[in-house]
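Here's the structure, in structure tokens; my notes come after.
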Amino acid sequence: MYQRYAVYFTPPRDHSLAAFGAGWLGWDIVAGEPVRHPRLDGLPLPVEEITATPRRYGLHGTLKAPFVLNPDFSATELVETVRGYAGQQEPVEIGLLELDSIKQFVALRPVDPDPAFGALVADLVMALDRFRAPMGPQELQRRRGANLSPRQDELLRLWGYPYVLDEFRFHVTLSGSLSDNQQAQTRDVLEEALEPHLRRPFMLNELCLCGQLENGCFKLIERVPLRG
């Protein structure tokens with residue numbers, strides 16, 4: 001039994017970005033085990049400090065944000081529903097990814113997001129929401145402390161996460177909070193290191209159902225192909 005569940009995008013295991021991302025973050029989400037960080041010169045801080053916040057989530061892009069399983073459903077029912085849903089969906093293009101800054105952290109973002117990708121993710125969020133246990137007042141208040149807009153607060157109350165539907169911005173987080181100078185230095189290093197891994201567009205052709213282990217880190221449970 002996992003503490004929480006989530007549906008993520010992760011690169012195929014044989015894609016070079018998967019290996020690089022696991023090493024960069026220090027956690028292999030597929031194997032569910034720590035990985036030694038690479039040696040990269042020019043970083044403003046040790047890589048283990050830069051990646052401390054996103055490490056436990058592994059290299060991923062959020063589709064359905066982490067949620068506690070509703071006690072009315074079993075984990076088996078969740079898996080079966082994800083399989084059934086994926087079987088009715090066609091693969092969509094995410095496109096080329098590029099390094100960018102989002103507020104105070106560094107991430108990969110699509111160069112030219114395909115509206116069909118956003119539409120599928122929005123539908124997925126709603127289709128699986130019955131499996132999400134309602135948030136308690138303390139959790140709701142904690143999440144409201146993140147300077148949310150009125151629309152984001154509404155989405156939080158409706159769907160358990162503020163950055164969904166029209167507020168969804170796909171990204172793959174690569175760092176924790178950094179100063180402007182630290183971001184610039186980190187991006188300079190990562191631009192060169194990532195270049196070989198970002199030359200081709202990415203597809204969403206499978207849903208990665210993941211679970212949170214007792215140590216707080218996420219592990220892949222199953223890759224579910226889109227077969228529509």
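Given labels modelled 7 Å from the Cα in the Cβ direction, how far is it in nm from Glu90 to Thr53?
In this crude label model, Glu90 to Thr53 measures out at 3.8 nm.
All other residues with a Cβ under 12 Å from the Cβ of Arg169 taken together, and with Lys, Arg as +1 and Asp, Glu as -1, what is their net charge?
Local charge sum for Arg169: -1.
Suppose only helical runs count, i.e. DSSP H with n ≥ 4. What mean residue ellipticity at 222 nm does that imply for the chain under -39500 (n - 2.57) per run, divided by all residues and rounded to the nearest 500 deg cm²/dmol?
-9500 deg cm²/dmol
Taking the Kirkwood radius as the inverse of the mean 1/r across Cα pairs, report the Rg/Rh of the stretch 79-169.
My calculation of the ratio gives 1.00.
Ordered by packing density, taken as the mean number of other Cβ atoms within 10 Å over each peptide's residues, highest first, how do 153-161, 33-41 rank?
153-161, 33-41
Given that compact globular proteins tend to follow 2.2 N^0.38 Å, what is the ratio of the alpha-carbon Rg of the stretch 10-70 to that value?
1.21
Plugging the Kirkwood radius over Cα pairs into Stokes-Einstein for the stretch 1-44, at a temperature of 4 °C and a viscosity of 1.567 mPa s, what D comes out in µm²/s?
109
Under Stokes-Einstein, with the Kirkwood radius over Cα pairs standing in for Rh, what whole-number D in µm²/s applies to the stretch 121-181 at 37 °C and 0.692 mPa s?
Result for D is 250 µm²/s.
Which whole-number percentage describes the relative contact order of the chain, with Cα contacts under 8 Å and a sequence gap of 6 or more?
After rounding, I find 35 percent.
Could you calculate the FRET efficiency of Met1 with Asp188 from 1/(1 + (r/R0)^6), where r is the beta carbon distance between them and R0 is 45 Å, rounded to 0.05?
0.55
Determine ³J(HN,Hα), in whole Hz, for all residues of the stretch 17-34 in sequence, where each value follows from phi through the Karplus function 6.51 cos²θ - 1.76 cosθ + 1.60 and θ = phi - 60°; x replaces Gly and Pro.
Result, rounded to whole Hz: 5, 5, 5, 5, x, 4, x, 4, 7, x, 8, 9, 5, 6, 7, x, 8, x.
Taking every pair of Cα atoms in the stretch 137-228, average 1/r, invert it to obtain the Kirkwood radius, and report Rg/Rh to two decimals.
1.02
Could you please tell me the mean projected area of the C-alpha convex hull for the chain, averaged over all directions and given in square nanometres to one decimal?
For the Cα atoms of the chain, the hull's average projected area reads 12.2 nm².
Please give the charge dipole size of the stretch 80-228, origin at the Cα centre, charges +1 on K and R Cβ atoms and -1 on D and E Cβ atoms. Round to the nearest 20 debye.
Using only the charged Cβ atoms, the result is roughly 500 debye.
Between Leu63 and residues 5 or more places away or on another chain, which pairs have amide H atoms under 5 Å apart, with H built 1.01 Å from N, and which residues are they?
Val7, Tyr8, Phe9
Who wins for biggest fluctuation among Ile102, Ile94, Ile50 in a Gaussian network model of the chain, springs between alpha carbons below 10 Å?
Ile102
Tell me which residues come under 5 Å, amide H to amide H, from Asp28 once H is placed; ignore anything under 5 positions away on its chain.
Counting only residues 5 or more places away or on other chains, the set is Glu33, Val35.
How big is D for the stretch 58-121, in µm² s⁻¹ as a whole number, if Stokes-Einstein is applied with the Kirkwood radius of its Cα pairs at 20 °C and 1.002 mPa s?
148
Quick note: the coordinates plus some simple rules give every number you see, no bench work behind them. Worth saying up front: this structure is predicted, and the values here are computed from it rather than measured. Cβ coordinates were reconstructed from backbone atoms using ideal geometry, including for glycine residues, and neighbour counts include every protein chain displayed.
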